[in-house]
Every structure is written in C-alpha cells, then in structure tokens.
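Comments concern the structure below.
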Amino acid sequence: QVQLVESGGGLVQAGGSLRLSCAASGRTFTRYAMGWFRQAPGKEREFVAGISSWTDAGTDYGDPVKGRFTISRDNAKNTVYLQMNSLKPEDTSDYYCAARLTTYSKSSRAYDYWGQGTQVTVSS
C-alpha cells in the first residue's frame, strides 16, 4: 500500500510559479513511478508529467506543459515534486499525484494509488 499526500497548491497570478509536493508513505518508494495529472471541472483527467522509478529516472510531460513544468523526485524524502513556472490561466485545475510500479504511464488508468489532490488557480 502507498499513501500519497499532495501539497503546495494555491492562487497565483499568470506568469508566476508554484511547486507542488507529493509525499508518499512506505519503504518502497524507489520502486514506484510517479505521475502528476490534472482535472478541471467538466474535463477529463489529463497527464501532466511522469517520472520513472530508477535513480536516473526518465521523465515525460504533457504537451501543454513542456518547457514550463519540471517533475523531480527525492527518494530520501519519499517525495515527488512538480515545479510549475510561467503559469497560465488554463493551468487552473485540481492536481493529483499517482503511483504505479516501475515505469510511468500517460494513462491515468494505469496507476494504482492516488492522492486527494491540490487545487491550483491561476488568475489572469
């Protein structure tokens, strides 16, 4: 079992930055790939970023956030981060972290564990 707790959401002006954190329970964090997804009201859950489970973890990003967002992980702290720069009003959403073994996936259905979400609002 893995429990995930997100934090760091809030209200920010367009062009600003936020860093989301996702703290994971358990001793086997290094075995899990982590993903960030977002879901706005009335829209489907969207892949934002993913990072694989290895020390030299591979990463990938959804097209809308490439070049602006960075995912990273600190295995010593059992935490994955999402640094969000140059935020836009269209980034407004609830953000969720998720975990699955080994390799990240762009499909939300591939993940076994989810956090409760943190809200990000970007004002214009």
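The values are calculated or read from the model by the stated rules, or taken from the named source; none is laboratory data. The model shown is predicted, which means the values in this text are computed figures rather than measured ones. Methodologically, a virtual Cβ is constructed for each residue, glycine included, from the backbone with ideal geometry; neighbour enumeration extends over all protein chains shown.
When you go through (1) without any contact (Cβ under 8 Å) to a residue 60 or more places away in the chain; (2) touching a Lys or Arg at 6+ places or on another chain (Cβ under 7 Å); (3) under 17 Å from LEU4 (Cα atoms); (4) not β-branched (Val, Ile, Thr) one by one for SER72, which number turns out not to apply?
(2)
Scan region 10-37 for residues that are touching a residue at least 60 places away in the same chain (Cβ under 8 Å) and out of contact with any Gly (no Cβ under 8 Å at 6 or more places or on another chain) and jot them down.
Hits for region 10-37 are GLY10, LEU11, VAL12, GLN13, ALA14, GLY15, GLY16, SER17, ALA24, ARG31, TYR32, PHE37.
Consider only pairs whose beta carbons are under 8 Å apart and that are at least six residues apart or on different chains; among these, list those whose first residue lies in region 99-124 and is under 17 Å from GLY26 (Cα atoms) and whose second residue is of a type in the set (A, V, I, L, M, F, W, C) and part of a loop (DSSP other than H, G, I, E, B).
Listed pairs, sorted by first residue: ALA99/VAL2; ASP112/VAL2; TYR113/VAL2.
Could you list, in sequence order, all residues of region 65-124 that are assigned to a strand (DSSP E or B), over 14 Å from the mean Cα position of the chain (by Cα) and not hydroxyl-bearing (Ser, Thr, Tyr)?
Listed by number, the residues that qualify are LEU101, VAL122.
Filter region 31-58 for residues that are over 16 Å from the mean Cα position of the chain (by Cα) and closer than 23 Å to GLN1 by Cα and give the result.
ARG31, TRP54, THR55, listed by residue number.
Answer yes or no: is there a residue in region 53-68 that is hydrophobic (A, V, I, L, M, F, W, C) and in contact with a Leu (Cβ under 6 Å, 6 or more places away or on another chain).
Checked against the condition, which is being hydrophobic (A, V, I, L, M, F, W, C) and in contact with a Leu (Cβ under 6 Å, 6 or more places away or on another chain), region 53-68 yields no hits at all.
Could you grab me the full set of residues in region 104-120 that are out of contact with any Lys or Arg (no Cβ under 6 Å at 6 or more places or on another chain), on the phi < 0 side of the Ramachandran plot and surrounded by 14 or more Cβ atoms within 10 Å (Cβ to Cβ)?
TYR104, SER105, LYS106, TYR113, TRP114, GLY115, THR118, VAL120
For region 39-73: of the residues being over 16 Å from LYS106 (Cα atoms) and of a type in the set (Ser, Thr, Tyr), which is modelled with the highest pLDDT?
Filtering first and then ranking leaves SER72.
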